[in-house]
Amino acid sequence: MSEAPATDNPVGYISHHLEPLSVGTGFWTINIDSMFFGALIASIVMFISYRVGKNVTTAPPQGIQNVLETLIEFVNNLVKEAIPKPNKLVGPLGLTIFVWVFLMNAMDLIPVDLLPKIAHMLGIHYLKVVPTTDPHTTFAMSLTVFALCIYYNIQAKGAGGYMKSFIVHPFGIWLAPINFILTLVEELAKPLSLALRLFGNMFTGELIFLLIALLPWWIIPLPGSLWAIFHILVITLQAFIFMVLTIMYISLASEEAH
């Protein structure tokens, strides 16, 4: 990965950065870099959470404990507003999604050439460091949320009640075929929009960083710094949206049939 691709072949430079480290072909393709960085970030979050939980004190919280307690209280308030009934899963799930997605997004703030160049020196020629710019990652998360929605729908309405909602909603039993198609599209749109929203915004952000990297070195600092500051808002907002939509989808699924 020399300087030449960035100056003489910008298309090749960008394409190289957007190419994941993968094995397999077709449906069975596994993007190793997305899985590695996603698992690494998750492991770091679990380790820090464990250490904070082990050393938690009743004194006024400081440092990372204060940050985590603030996040926990914030997420719990959102869950209580959306789901009045006590739920031991949604709160921790929402907190995990927000922190994990935010940190995966934040990998985009690392200089675009830094980790790929280190990997190149180690003999690894392709490396994408932002897991959420990989649709495999965002769809895996959204499909997990979709599976939870199906579970809570069946728990609240029963299997028969859940299937009945496809037939009678929204126009009544006499238009059952149309109801089924519309409800199916509505249900499938949830994981699809959840995954594509996060992927699209993060992929665009990474692409802009790559375009900035193609500028002359003496121009890069100003647009790079401005975009990084704006991108901090983007990565935070995208993590927040993913968390809120997850809570809302589960809240809607938990409603009992009327």
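The values are calculated or read from the model by the stated rules, or taken from the named source; none is laboratory data. Every value quoted in this text rests on a predicted model; they were computed, and no experiment measured them. Here the Cβ positions follow ideal geometry from the backbone for every residue, glycine too, while neighbour counts run over all protein chains shown.
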Could you pull out the residue among 156, 140 that is over 23 Å from residue 43 (Cα atoms) and in a helix (DSSP H, G or I)? 156
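Restricted to the range 119-132, and to residues that are in a helix (DSSP H, G or I) and modelled with pLDDT under 95, which residue is surrounded by the fewest Cβ atoms within 10 Å (Cβ to Cβ)?
Just the residues of the range 119-132 that are in a helix (DSSP H, G or I), to begin with: 119-121, 131-132.
Add one more test, that the residue is modelled with pLDDT under 95, and what stays is 119-121.
Numbers: 119: 17, 120: 15, 121: 9.
Out of the qualifying residues, it is 121.
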Could you go through the range 229-241 and let me know if any residue there is touching a residue at least 12 places away in the same chain (Cβ under 8 Å), outside any helix (DSSP H, G or I), under 13 Å from residue 105 (Cβ atoms) and β-branched (Val, Ile, Thr). no
Identify, please: which residue in the range 58-101 is surrounded by 18 or more Cβ atoms within 10 Å (Cβ to Cβ) and farther than 21 Å from residue 253 by Cβ and is, among those, farthest from the chain's Cα centre (by Cα)? 68
Of these, 140, 156, 213, 195, which one is over 25 Å from residue 104 (Cβ atoms) and surrounded by 15 or more Cβ atoms within 10 Å (Cβ to Cβ)? 156
Among the residues listed as 245, 211, the single one being part of a helix (DSSP H, G or I) and under 22 Å from residue 195 (Cβ atoms): 245
How many of the residues making up the range 54-96 are over 20 Å from residue 156 (Cα atoms) and in a loop (DSSP other than H, G, I, E, B)? 8
Going through the range 170-188 in order, the residues found to be farther than 30 Å from residue 88 by Cα and either of a type in the set (S, T, N, Q) or outside any helix (DSSP H, G or I) (or both) are 170, 171, 172, 179
Selection from the range 6-48 of residues of a type in the set (A, V, I, L, M), surrounded by 11 or more Cβ atoms within 10 Å (Cβ to Cβ) and farther than 30 Å from residue 63 by Cβ yields 6, 14, 18, 21, 30, 32, 35
Quickly run through the range 191-218 and pick out the residues that are under 31 Å from the mean Cα position of the chain (by Cα) and more than 20 Å from residue 134 (Cβ to Cβ). 212, 214, 215
